[in-house]
Structure formats: structure tokens, C-alpha cells
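Asks: Got a structure for you, questions after.
The values are calculated or read from the model by the stated rules, or taken from the named source; none is laboratory data. Treat the numbers as computed from the prediction; the structure is a model and nothing was measured. Virtual Cβ from ideal backbone geometry, glycine too; neighbours counted across all protein chains shown. Protein only, heavy atoms only, side chains kept; ligands, DNA and RNA dropped before computing areas. Shrake-Rupley method; radii C 1.70, N 1.55, O 1.52, S 1.80 Å.
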Amino acid sequence: MREPDVVVVGGGPAGIGAALAAAESGQSVVLVDEHERPAGQYFKGPDGSSKGSQRIQHLRAELARLGVDVVSRGLVWGIFEGRDVMVVHDGASEHLRPSAIVLATGAYDRPVPFAGWTLPGVMTAGAAQTLVKAYAVLPGRKVVLAGAGPFLLPVATQLAEAGAEVMLVEATPARAWLGLAPAAARVPELVREGLGYARALRRLGVTRLSRHKLVRAEGAETVERAVIAKVDGDWRALPGSERSLDVDAVAIGYGFLPSVELAESCGCALRFDDDAQAWFVAVGESMETSVPRVYAAGEITGIAGNVVSFWEGRVAGASAAGNEELATEARKQLGPRHRFARALGHAFRPRPGLWEGTADDVVVCRCEEVTAGEIRTRIAGGCASPKALKDWTRAGMGLCQGRMCGSTIGRLLAEGTEKPLVEVPRGSVRPPVKPVPIHVLAGTEVPS
Ligand SMILES: Cc1cc2nc3c(=O)[nH]c(=O)nc-3n(C[C@H](O)[C@H](O)[C@H](O)COP(=O)(O)OP(=O)(O)OC[C@H]3O[C@@H](n4cnc5c(N)ncnc54)[C@H](O)[C@@H]3O)c2cc1C
């Protein structure tokens, strides 16, 4: 067992910010991340000469200079008693017992089931971006990218720059962007970034369609057509407005869901965000969670972009190190950016039409192939929680451990039991929070 001062889980902007601030404060720091090297979602991809690439190379050099022990390809599969951190890397499990933990496990694309979403060629916006950005692979030549929110802009730009013919289908009206003006006044760099993408999309000939959504994907072996329709203000499709587009890839992006499973299994209290319709880790000013000496930062505490994640990470890392001066400095970067993030979250919040009317034959749990109809039948028969549905249908029991279907199951429970989502019980989370080779667990003594 090793006993560093601080363990940071997640090597995205938040985790890197936390590790740097703690190390600058004289702490011994271990940073664990699942990938080849620290980057997270925003900085993923091969080294190049872009601004983002230069920034992450600089941050990695800083981690090395400050002596942060970076455990790459390392998965934290459980945290016990809020202090014992279990990591699997290089085929073995390691036990860390730090005096403070910073959780910075990030977010993932919100899964939204619709007819045809399991066809090859249909993917999330994040997956399409990863293919292009990290692997230089085009998901398709003719791509419909549908959803809502600012994340669609970089993805559409990156796909079009890589040579795809892109149609951007946005559920919100064009004026949704204008409504952001008051909050945007204090974050000029983000406004510049957004306008830069808007210009790039025009230059690259990307067609933009607002107030439309993807209704279904069609095809025999792979996706061949995207059927889109006009929507009202609640994102309900207007009858008679459907049209079909020939495509070879479809990507959808309706925002992100936070990866809170580790925090939840560790006992951290969560808070429900009405706009995102999702649960985030609750933190105070110093980014401390409800579990003493466990901090959280970045997208698991609220979706606010890479810059906010980095500065929240610095607040968390400095606070974990007891360096109040550094934490106060970092906190100054957050105010206006948090306000802008809240305005974005509200403008592009998912509306009811996104989920209503998921047809009974649509697969909800992809791992166990459980349909919306089977889940509805069980709910009508008395199943009132994700746990009961798991027992009866196996939904949520597969490799993804509910990351793909959990939010939809919550929705179906809300619909079937006529409760708001906030009142629907959550599925239980137990270690290992992600799949781990059985031989690793077999040889591990779990702390008690
Ligand atoms: C798919 C996707 C694409 C995005 N693309 C953009 C973009 O182009 N532009 C933009 O401005 N914003 C983008 N974002 C938003 C972006 O994620 C954030 O702004 C920023 O990267 C969040 O930083 P973070 O550190 O909170 O999380 P992340 O960057 O997501 O980093 C979290 C890290 O923690 C690791 N991790 C999670 N659980 C564990 C565990 N148990 N053990 C070990 N490691 C773990 C993850 O693998 C990941 O590397 C994207 C988000 C997603 C989900």
C-alpha cells in the first residue's frame, strides 16, 4: 500500500488542474487516468501544432516537472471508506491510501434511444469526434449531426474539415444563441471561440437547420437514411414535416451526463440539476464533497467546459493541500464562466419531446437487448425502481453497467409512475464501478 498526500482520479482538464495545484503546494500526488496519457475529452488526440495540443503538452511537462506520479492506463475501480483507493493497472491491483482524494471523472454523451439507433453508422457526437480527432477516421462521407448545444459546433467543424459533407440539425431555434448575450459579455474568449466555429461552418459549407430533430435512422445492414422532422418549442415533431436524407453516418449530441458512479459509490451526496435533468456531485466553495477530504471538480460537478473544469480542479487540488491562498486565486477565474455555463445549460436544456414516445420496440439496454416495451410492461406490473427492473429484465446489468440505459430507464420510470425524474430512485452503484479482469479482483484484498 502507498500513502501519497493526494490521489487525483481522472486526467482531464480538472484532474490535471487539481494535480498541479496540489503539487505546487508541496504535496506528493498520484494522478490516475484510464488512457495512454493525461488529456481527457477536450485534449484527446495526437500531438500536433494546434493551440489545444500545445496547451496539453505544456500541462504534461508541468506534471512531470512537479513530480506528479502519473498512472496512465489505470482504472480506479473502487474507493472504500472515502480513503482507500483501488487502482488496476498493468494487470494488477494497487491500494492507495491518501490523505485527500480529488475526483475528476468527467462526463459522457447523453444516450438518447430512437428507432434505428443500434444500426452501424449511428453514434454519439462524442464518438464521431473521437474517430476524427483521435484516430483520423471519418465516421462517414455524408453525416447528419443532430442535437442541441455548443458541443455540436466543434464536432461539425472537425467532421467537415476532415472531408465529410455535414448537415447540422439543431432542435433549438437560432435565437437560442442570441439569448446568451448578457452572460456572454464577461467571457469574451468563449464568444470568440463560438463565433470562430460559426464562421468555419459557413466557410466549409455546412448546412444548418434549426428547430429540427432526428426522428429515426433507417437502413438494412448499416444506416442509409436519417429521417428528420420540424419540432415545436418542446421538441415534439410536427406532423407531416418529416423528410428523409441519404447518409452513411448519423451522430447525435444532446449534451452530456456526468460520470458520478465513483463519487456515488464513495458516498458523496449528489444534487439534481433541473436544466440538465441529471444528478451531479454536490460540492461546496472548496470543491469538497459531503465526504470529508474527498473533493470533486470538472464536469462531474456541472457541465461547464474545459476552462472551468481546469480552474475548479485547481481549487480542489489547492484546497486538498490546505493552500487557501492558491484556492482563492483559482476561484477568481470561475464566477463569470459559471454564469455563462448556467445560461448555456438553460438555453439548450433537453425538452420533453426528446424522450416522449420512445416506441416499444426500441432497444433501451443495448448490452442485454431489453426494449422500451419490456421495461414499460414491468413498470405497469409494479416495478418501481431501476433495481427491480434490473432483477426482472437484466436492463443495466451488462458491461456498460447502466451508463447507456440508466438515464432512459429513469425516464421510463418517471413516465410510468407519473413522478418527476428527481423523485425516481437511482440504481445502486457498487465496486467495481467499471469492468475489471476477474483475476485482478481475485488476488485483491479489499480494505475493510
Ligand atoms: C465525448 C466528449 C467530447 C468533448 N469534446 C469537447 C470539445 O471538443 N470541446 C470542448 O470545449 N469540450 C468538449 N467536451 C467537454 C469536455 O469534456 C470538458 O469541457 C472537459 O474536458 C471536462 O474536463 P474534465 O476533466 O471534467 O473531464 P474529462 O475531460 O472527461 O476527463 C475525465 C478523465 O477521467 C477518466 N476517468 C473517468 N473515470 C475514471 C476511473 N474510474 N479511473 C481512471 N480514470 C477515469 C476519463 O477516462 C477521462 O480521461 C467534450 C466532452 C465529451 C464527453
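Asks: So if I check each of T301, T289, which one is within 12 Å of the ligand (Cβ to nearest atom) and touching a residue at least 24 places away in the same chain (Cβ under 8 Å)?
Replies: T301
Asks: I've got another one for you. Which residue out of E224, E285, E299 is in the same structural domain as A100 (by TED's automatic domain parsing) and surrounded by fewer than 21 Cβ atoms within 10 Å (Cβ to Cβ)? Spell out the reasoning first.
Replies: On the way: E224 fails: in the same structural domain as A100 (by TED's automatic domain parsing); E299 fails: surrounded by fewer than 21 Cβ atoms within 10 Å (Cβ to Cβ).
None of the others qualify; the one that does is E285.
Asks: Next up: Would you pick out the residues in the range 96-112 that are within 10 Å of the ligand (Cβ to nearest atom) and aliphatic (A, V, I, L, M)?
Replies: L103, A104, A107 - these are the residues of the range 96-112 that are within 10 Å of the ligand (Cβ to nearest atom) and aliphatic (A, V, I, L, M).
Asks: Could you grab me the full set of residues in the range 127-145 that are surrounded by fewer than 19 Cβ atoms within 10 Å (Cβ to Cβ) and of a type in the set (S, T, N, Q)?
Replies: T130
Asks: Has the range 113-126 got any residue that is assigned to a helix (DSSP H, G or I) and either buried (at least 24 other Cβ atoms within 10 Å of the Cβ) or near the ligand (Cβ under 10 Å from one of its atoms) (or both)? Write out each step before concluding.
Replies: Going residue by residue through the range 113-126, those that are assigned to a helix (DSSP H, G or I) are 125-126.
Retained after the next criterion (residues that are either buried (at least 24 other Cβ atoms within 10 Å of the Cβ) or near the ligand (Cβ under 10 Å from one of its atoms) (or both)): 125-126.
Yes, some residue in the range 113-126 is assigned to a helix (DSSP H, G or I) and either buried (at least 24 other Cβ atoms within 10 Å of the Cβ) or near the ligand (Cβ under 10 Å from one of its atoms) (or both).
Asks: While we're looking at this one, here's another question. Kindly indicate the residue of the range 311-337 that is in contact with a Ser or Thr (Cβ under 7 Å, 6 or more places away or on another chain) and assigned to a helix (DSSP H, G or I) and also surrounded by the fewest Cβ atoms within 10 Å (Cβ to Cβ) among those meeting that condition. Step through it out loud before you land on a result.
Replies: If we filter the range 311-337 for residues that are in contact with a Ser or Thr (Cβ under 7 Å, 6 or more places away or on another chain), which is where we start, we get 312, 315, 318-319, 321, 323, 326-327.
From what is left, the residues that are assigned to a helix (DSSP H, G or I) are 312, 315, 318-319, 326-327.
Details: E312: 33, V315: 29, A318: 29, S319: 29, L326: 19, A327: 22.
Taking the candidates together, the pick is L326.
Asks: Could you list, in sequence order, the residues of the range 427-444 that are of a type in the set (V, I, T), more than 14 Å from the ligand (Cβ to nearest atom) and assigned to a loop (DSSP other than H, G, I, E, B)?
Replies: Result: T444, single match.
Asks: On the basis of being in a helix (DSSP H, G or I), within 16 Å of the ligand (Cβ to nearest atom), closer than 22 Å to T105 by Cβ and touching a residue at least 60 places away in the same chain (Cβ under 8 Å), does V308 make the cut?
Replies: It is false that V308 is in a helix (DSSP H, G or I), within 16 Å of the ligand (Cβ to nearest atom), closer than 22 Å to T105 by Cβ and touching a residue at least 60 places away in the same chain (Cβ under 8 Å).
Asks: Could you list, in sequence order, the residues of the range 433-448 that are more than 19 Å from the chain's Cα centre (by Cα) and crowded, with 17+ Cβ neighbours inside 10 Å?
Replies: Listed by number, the residues that qualify are V436, V440, T444.
Asks: Then there is this: Could you list, in sequence order, all residues of the range 163-213 that are basic (K, R) and either within 16 Å of the ligand (Cβ to nearest atom) or open to solvent by 60 Å² or more (accessible area, probe 1.4 Å) (or both)? Show your work before the answer.
Replies: To start, the set of residues in the range 163-213 that are basic (K, R) comprises 175, 186, 192, 199, 202-203, 208, 211, 213.
Of everything in the range 163-213, those that are basic (K, R) and either within 16 Å of the ligand (Cβ to nearest atom) or open to solvent by 60 Å² or more (accessible area, probe 1.4 Å) (or both) turn out to be R175, R186, R192, R199, R202, R203, R208, R211.
Asks: If you scan the range 380-414, which residues turn out to be surrounded by fewer than 19 Cβ atoms within 10 Å (Cβ to Cβ), more than 24 Å from the chain's Cα centre (by Cα) and not in a loop (DSSP other than H, G, I, E, B)?
Replies: A380, A388, D391, W392, listed by residue number.
Asks: So which residues in the range 251-291 are more than 21 Å from V429 (Cα to Cα), assigned to a loop (DSSP other than H, G, I, E, B) and not hydrophobic (A, V, I, L, M, F, W, C)?
Replies: Y254, G255, D274, D275, G284, E285, S286
Asks: Please state which one of D90, D69, D5, D33 is open to solvent by 40 Å² or more (accessible area, probe 1.4 Å), more than 22 Å from E325 (Cα to Cα), at pLDDT 95 or above and not small (G, A, S).
Replies: D69
Asks: In this structure, is G91 free of Cβ contacts under 8 Å to residues at least 60 places away in the same chain and either more than 15 Å from the ligand (Cβ to nearest atom) or within 24 Å of E299 (Cβ to Cβ) (or both)?
Replies: Here the answer is no, as G91 does not meet what is asked.
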